[in-house]
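Take a look at the structure set out below.
The values are calculated or read from the model by the stated rules, or taken from the named source; none is laboratory data. All values reported here derive from a predicted model rather than from experimental measurement. Neighbour counts run over all protein chains shown; Cβ positions are idealised from the backbone, glycine included. Quick note on the areas: whole protein, heavy atoms, side chains included, nothing else; ligands and nucleic acids left out. Shrake-Rupley method; radii C 1.70, N 1.55, O 1.52, S 1.80 Å.
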Amino acid sequence: MKQTEIIMGMPVTLEIVGYEDSDAAIRDTFDYFKSVDKRYSTYKPDSEISRINNGLPREEWSDEMRTVLDLCERTKHETDGYFDIRHNDKLDPSGLVKGWAIEQAAEHLRKRGVKNFYLEAGGDIQTNGKNADGEAWKVGIRNPFDIHEIIKVITTSGEGIATSGTYIRGQHIYDPHVPNLPIESIKSLTVIGPNIYEADRFATAAFAMSEDGIGFIDALDGFEGYMIDDNKTATFTRGFERYVA
Amino acid sequence: MSNTGMFAKKTLLAVGVVITFVVYSFALRNQGHSPIIAPASLKNNPSSGSTGSNTATTGSTNNSSSGSSNMGMMSSTKYKDGSYTGSVANAYYGNVQVQVSVSGGKITNVQFLQYPNDNPNSQYINSQATPYLKQEALQAQSAQVNGVTGATLTSQAFVQSLSSALSQAQA
């Protein structure tokens, strides 16, 4: 069974194979994403993060919020303070929350015994087990030059797949080391990682490194990548081909 | 693992990762996120039912508790089966148009008919950074897939086109 809902302004799709109560599993998953939106949206005055920014005492923070803010804090330490969710004295963990939420939802599904699923939020994907044909899940990489086209098919069963790019929002991600130069030489970067949380983080980061991002992914253990540049040429990591269908 | 140079490089890159998060957070704030929370087209859409977080309940109330997710509400409405094409909406760099498929009263697919394709003037800066990696020309694939990965689909134009498609699908 496959279903899509629009949550946080993006399509969230869940397909479940070979599980009896897939209706309930799908409903609970969508509810979970709505709860994440409700808790972490800095645009909702009644969200927990907004209330924290308005002085909600620490004792009243939810366990989940503590976990997420701990992850942010840990990352800050690991990076000499460069990762900082505090801006203008307000907290905004949104840079970490999306991939984390997909991974959490996937974990909930596994825990309730769902073995085969495809979970996607806005083009970022976590798969598990097999598809309806009993094969590994097949994921296409969208052609950033032609939306009707898929230019690569990769097979996964448990990895996370995320793509960073500028083409849908028309937004630019900047290289923090050269902040005045928008990244225009690469169009998209797809990263396959051990789970969607890691894949998403590193896809975003590596995209900001422009042409060097694919080398960065290549150097990471457990990650593969496929970069598409403005010449309509793809550059891929040395282990990428084992995922190609 | 083999040498310290590698480690130093990884450390440097990790720093880059983090800076990116910060930049990305800002990008989220400035681009996709804020217009999505309360898109005017949705607020004014009389057929889009109740408010956010109540899900599978029949929810046809019209009181809008401010700040809750309009989008969540929209998708819990019952739709007529079929395929609906949304209006063409102007995104920053081009047009967006979506087509929504409904089956069994539920959304089963959201497809793009038009999609912005930005940066016509940008130039490829040749980099010598990764000579050991393989390259290939893009080539369309015809294989059946279970899903597609691509850059984030969030945008105000997307929501507008989607909203118009779904209003046609109202049961």
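Annotations for the structure displayed:
- Matching residues, the range B:111-153, being at pLDDT 60 or above, open to solvent by less than 40 Å² (accessible area, probe 1.4 Å) and among the polar types (S, T, N, Q): B:N146, B:T149, B:T152
- Residues in the range A:1-58 that are assigned to a helix (DSSP H, G or I) and of a type in the set (F, W, Y): 4 in all.
- Listed by position, the strands (runs of 3 or more DSSP E) enclosed by the range A:103-155 that each have at least 1 residues that are touching a residue at least 60 places away in the same chain (Cβ under 8 Å) and either in contact with a Cys (Cβ under 7 Å, 6 or more places away or on another chain) or among the small types (G, A, S) (or both) are A:116-121.
- Matching residues, the range A:226-245, being under 15 Å from A:P194 (Cα atoms), buried (at least 16 other Cβ atoms within 10 Å of the Cβ) and more than 9 Å from chain B (Cβ to nearest Cβ): A:Y243
- Answer residue from the range B:61-106, given it is hydrophobic (A, V, I, L, M, F, W, C) and closer than 19 Å to B:T149 by Cα and is modelled with the lowest pLDDT among those: B:V96
- The set of residues from the range A:213-245 being within 27 Å of A:P93 (Cβ to Cβ) and of a type outside the set (A, V, I, L, M) comprises A:G213, A:F216, A:D221, A:G222, A:F223, A:G225.
- Filter result (farther than 20 Å from A:L109 by Cβ, more than 7 Å from chain B (Cβ to nearest Cβ) and aromatic (F, W, Y)) within the range A:1-53: A:Y40
- Subset of the range A:183-212 (residues that are assigned to a helix (DSSP H, G or I) and either of a type in the set (A, V, I, L, M) or more than 9 Å from chain B (Cβ to nearest Cβ) (or both)): A:I196, A:Y197, A:E198, A:A199, A:D200, A:A203, A:A205, A:A206, A:A208
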